[in-house]
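Step one of this worksheet: look at the structure below.
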Amino acid sequence: MYERQILICAGTGCISSGSLQVHEALRKELQKHQMEDKVRIILSGCHGFCEKGPIFIVYPEDIFYCEVQAEDIPELVEEYLVKGNVVERLLYKDPVTEDAVTSHQEIPFYSKQKRLALRNCGVIDPENIDEYIIRGGYQGLERALRMESLDIINMIKSSGLRGRGGAGFPTGMKWEFAYRNESDKKYVVCNADEGDPGAFMDRSVLEGDPHAVLEGIIIAGLAIGSDEAYLYVRAEYPLAIRRLRTAIAQAQEYGLIGENILGSGFGFKINIKEGAGAFVCGEETALLASIEGERGMPRPRPPFPAVKGLWGEPTCINNVETLANVSLIMRKGTDWYSAIGTEGSKGTKIFALTGKVNNTGLCEVPMGITLREIIFDIGGGIRDGKKFKAVQIGGPSGGCLPESHLDQPVDYDSLTSAGAMMGSGGMVVMDEDTCMVDLARYFLSFTQSESCGKCTPCREGTKRMLEILERITKGQGVAEDIPRLQKLALAVKDGSLCGLGQTAPNPVLTTLRYFQDEYEAHIFDRRCPAGQCQELLTYYIDPELCTGCRACTRVCPTGAITGEKKEPHVIDEEKCINCGSCAERCKFDAIKVK
């Protein structure tokens, strides 16, 4: 019997920070102290608080150590495991009060979350099926095997579960469409092609709790009358793919995948398809084309995949987070699930919280929580005491919402009415130093380069919009550019074939809607209010702060800075190319921008 268990995060983020080296150092140190029979080490999935990794939690005391490195292990073992003294320097420190916190449940990042899809991530060994089963795993499948297909579908419909990968289409309704289209062969497809910059929700669920996704897939197969599924995972997720393969092999060994599951007479097969990383393959029909071995390009709809999908057969497509909720609903019931969230948006949503916040990482919150609670309570507020400016929700195809929307409830309908979207769950926070015009240019450059080129509105429209935005950020914009951008954005939105093109203009439309004054400053004043667009900046040296150290003159590529040693220097604006090298090198903050 072990006296303690130590969970070490082995998600991709913490592995990149050295968690496997921490694990190896701990294993050796426990052997040295002859404690390997007293302390069990568990390599878990992602804990969510990626900024503080590697994460190291000791149970049953629930001592949360963060940013632990291999060289810290001898002290942790000697001081805490042997002597019982908490190592305070490795505890989490509140970014405002700087008080140390021992339990992860007391950390604001975790205390306001409600983890359903992430319920086992960071809690169990994802490569051990027994740990999943002990926490209620496959009980939902066991119940579903005793039910009729329509009864399963009606449960999912009653729960109010909506798709977590895009516009939020009701999951039960999608299942029913596939069920009612009769065919000798039907497919279930799990969309794990997570292509949004900064998004890693699906990856973390697959790495930390693969059996939850497999169980959801099998239940979906039961519901629609399918005997085969494809899990479409981008090849850039090697750890997720390895753990999925392990989980599938374990489930087959336990009789949970394959022929005659649990003696029910129902058989089911799950295949893994590795995607090449094209953003457009997140769109359903492009994903299906990729599975079939074709170039990932969208198809006109109708017919929808539920009617004519993979290889022309009825196909039900759900994303990872959606499927991870299914077994919980089957196990705990629709009343339990529908009591969480709002009237039109039930349950929880995972967000990848990134950008200019103190606490970055994955957070799962109940629908209806406000943006302010996510950014300032869970996220810990804006870094370096700067002012909040905007939040981009829904990935590169989402919308930018200003400070006036901080008390906006996070649900499908509210975000859509504000010009944003839930999307897959990317949430990027911007501070006062962010240029909203340049931000729109950045996101549009991503979607434009990821366009498959099949339809003219997306292929040509996004390119023309990007050209206008690039001109504006270079100080070459004209008054007609604002109405021209709006007209182009609406044309692309209305005329594009698939969701990529239809949502690509969102960053432009929302920044025009909420930050038009910044566009006007760039065009009419030839000025970037945030001081980010290099070609609109004018550098000067504050003589009160300049010491004449000459560090700036040594890095200036055009010789624009002159002055005697130990005397204030000056910048020749005619020679200056606004590269910013001098400002980066100056130790005295003497080089300013106007």
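The values are calculated or read from the model by the stated rules, or taken from the named source; none is laboratory data. The structure presented is a predicted model; accordingly, all values stated were derived computationally and were not measured. Quick reminder, even Gly has a Cβ in these numbers, built from the backbone with ideal geometry, and neighbours come from all protein chains shown.
The set of residues in the stretch 67-87 that are crowded, with 18+ Cβ neighbours inside 10 Å and in a helix (DSSP H, G or I) comprises A70, D72, I73, L76, V77, Y80, L81. Applying the selection to the stretch 326-365, what residues are in a strand (DSSP E or B) and either of a type in the set (K, R) or in contact with a Phe, Trp or Tyr (Cβ under 6 Å, 6 or more places away or on another chain) (or both)? Across the stretch 326-365, the qualifying residues are K346, K349, A352, G361, C363. Among the residues of the stretch 572-591, are any part of a helix (DSSP H, G or I) and closer than 28 Å to D481 by Cα? Checked against the condition, which is being part of a helix (DSSP H, G or I) and closer than 28 Å to D481 by Cα, the stretch 572-591 yields no hits at all. Note on the stretch 391-403: residues that are polar (S, T, N, Q) and farther than 14 Å from M436 by Cβ total 1.
Of the residues in the stretch 552-561, not one is farther than 16 Å from S581 by Cβ and either in contact with a strand residue (DSSP E or B) (Cβ under 6 Å, 6 or more places away or on another chain) or of a type outside the set (V, I, T) (or both).
One line per residue, one yes/no per condition, for (1) touching a Ser or Thr at 6+ places or on another chain (Cβ under 8 Å); (2) among the acidic types (D, E):
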site: G208; (1), (2): yes, no
site: G216; (1), (2): yes, no
site: D227; (1), (2): no, yes
site: I241; (1), (2): no, no
site: Q252; (1), (2): no, no
site: F266; (1), (2): no, no
site: I272; (1), (2): no, no
site: E284; (1), (2): no, yes
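The requirement of being outside the structural domain of L141 (by TED's automatic domain parsing), within 30 Å of L150 (Cβ to Cβ) and crowded, with 23+ Cβ neighbours inside 10 Å is satisfied by M367.
Could you please let me know if L323 is assigned to a helix (DSSP H, G or I) and either closer than 22 Å to K174 by Cα or in contact with a helix residue (DSSP H, G or I) (Cβ under 8 Å, 6 or more places away or on another chain) (or both)? It is true that L323 is assigned to a helix (DSSP H, G or I) and either closer than 22 Å to K174 by Cα or in contact with a helix residue (DSSP H, G or I) (Cβ under 8 Å, 6 or more places away or on another chain) (or both).
When C552 is tested against (1) part of a loop (DSSP other than H, G, I, E, B); (2) surrounded by 14 or more Cβ atoms within 10 Å (Cβ to Cβ), exactly one condition is not met: (1). Scanning the stretch 555-571 for residues that are more than 42 Å from the chain's Cα centre (by Cα), in a loop (DSSP other than H, G, I, E, B) and buried (at least 17 other Cβ atoms within 10 Å of the Cβ) yields A560, G563, H569. For R180, indicate whether it is surrounded by fewer than 24 Cβ atoms within 10 Å (Cβ to Cβ) and either within 29 Å of the chain's Cα centre (by Cα) or basic (K, R) (or both). Against the criterion (surrounded by fewer than 24 Cβ atoms within 10 Å (Cβ to Cβ) and either within 29 Å of the chain's Cα centre (by Cα) or basic (K, R) (or both)), R180 qualifies. Just wondering, is there one or more residues in the stretch 316-324 that are among the charged types (D, E, K, R), surrounded by fewer than 23 Cβ atoms within 10 Å (Cβ to Cβ) and in contact (Cβ under 8 Å) with a residue 40 or more places away in the chain? Within the stretch 316-324, not a single residue is among the charged types (D, E, K, R), surrounded by fewer than 23 Cβ atoms within 10 Å (Cβ to Cβ) and in contact (Cβ under 8 Å) with a residue 40 or more places away in the chain. Considering the stretch 238-250, and only residues there that are in contact with a strand residue (DSSP E or B) (Cβ under 8 Å, 6 or more places away or on another chain) and surrounded by 24 or more Cβ atoms within 10 Å (Cβ to Cβ), the residue that is farthest from D151 (Cα to Cα) turns out to be A240.
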